[in-house]
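Read-outs throughout are calculated quantities, based only on the coordinates presented, and are distinct from any laboratory measurement. These numbers come from a predicted model, not from an experiment. Every residue, glycine as well, gets a Cβ built from its backbone with ideal geometry; the counts of neighbours run over all protein chains shown.
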Amino acid sequence: MMPSKICILRIEGTNCELETFLSFKRLGASAEIVHLKQLIGAVKERERRNLKGYDLLVIPGGFSSGDYIRAGAILAARIKGALGKEIEDFTENGNPVLGICNGFQVLVEMGLLPGFTHEKTEMQQVALTTNDSARFECRPALIKHESKGKCVFTRGIEEGSILKMPCAHAEGKFFIEEKKREEYIPLLEENDQIVFRYVDTDGTYASYPWNPNGSIYNVAGICNPEGNILGLMPHPERAFYAFMDSEWSRAARERRREEGEKKEDAYGDGKRIFESVLDYLQSRRFLKRKVYK
């Protein structure tokens, strides 16, 4: 089969597009870093790109447009204003969208997450707001995989698994206004939309520093009701290889002493997210080919 085509969006201020690009390339995907202007036609004809030509859209981390107004708000408005119908068609066709850190903030600002459809409203349903510490938090995070199989980015990860990835954000607190909390949290659980929650080393839901931003219900990542749009605050592209972990050398020594060296020791937990969605895209393409035959 042809490799899956990945569109990794960038504008002024994004800064994680190269690491994300390399993560997909290392797994055999056909990835491309695409400026927003290329998708909206504000470039020469030969540089134009069409979202329909890709299998997956990624909005990477960084500080798009300097995070003025609110984190992700300007990029969300630009995408919605210029590409709203294309994004709607893209997602309704089942194509996946991944938002990492600033990308998660963008997806929330656009209303793609959590994406509840029971409410006929233009109001934003949740927010990613200023950390409880009121400062930029850059630290390793432990996140527990909560999805029961709906999210296409984590179907290859066993439910209950604890993954380690770094986070780096000032506005990562998942927030639901108090009067909606009793309705939205059970709805997220019922829809299998809570994908990751912050935990401590025992796998227990814990407060700061394990929950680095004070997120409601320790939420670190959610998907839409259909499972093809994922937003998460920790950075999987910064945990693709095991040696990217700040404690790698000590952990590797201990593991070799106890179990011997294994091939999988070379990789970090972030790789599993990229693998899972690429497996989904390949299986989706295979099923389409069978139908056409």
Exercise. Roughly speaking, what is the stretch gain from E45 to E275, that is 0.36 nm per residue apart minus the C-alpha to C-alpha distance, in nm to one decimal?
Worked result: 79.5 nm
Exercise. When the chain is fully extended, how far beyond the present Cα-Cα distance does D192 get from F136, taking 0.36 nm per residue of separation?
Worked result: 17.2 nm
Seminar exercise, completed: Which of K148/K271; K25/K85; K150/K271 exceed 25 Å between C-alpha atoms? The answer is K25/K85
Exercise. Can you give the calculated 222 nm mean residue ellipticity of the chain, where each DSSP H run of n ≥ 4 adds -39,500 (n - 2.57) and the sum is split over every residue, rounded to the nearest 500 deg cm²/dmol?
Worked result: -10000 deg cm²/dmol
Exercise. Say the cut-off is 30 Å between C-alpha atoms; which of K52/K173; K37/K179; K44/K80; K37/K164; K144/K179; K5/K44 go over it?
Worked result: K52/K173; K37/K179; K37/K164
Exercise. Using 0.36 nm per residue, how much length does the chain from I69 to S283 gain when fully extended, once their Cα-Cα distance is taken away?
Worked result: 73.0 nm
Problem set entry | Convex hull of the chain built on C-alpha atoms - directionally averaged projected area, nm² | 16.6
Problem set entry | Estimated distance in nm for a label pair at A266 and M2, the labels positioned 7 Å out from Cα along Cα-to-Cβ | 2.9
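Please report the projected area of the stretch 176-237's Cα convex hull averaged over all directions, in nm².
Details: hull surface 19.7 nm².
Average projection, Cα convex hull of the stretch 176-237: 4.9 nm².
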Exercise. Are there cysteines in the chain with no second cysteine's Cβ under 4.7 Å away, and if so, which?
Worked result: C7, C16, C101, C138, C167
Exercise. Using a Förster distance of 22 Å, how high is the FRET efficiency between T204 and R181, based on the Cβ-Cβ distance and rounded to 0.05?
Worked result: 0.55
Exercise. For R26 and I162, what is the calculated FRET efficiency with R₀ set at 25 Å and r taken between the beta-carbons, to the nearest 0.05?
Worked result: 0.60
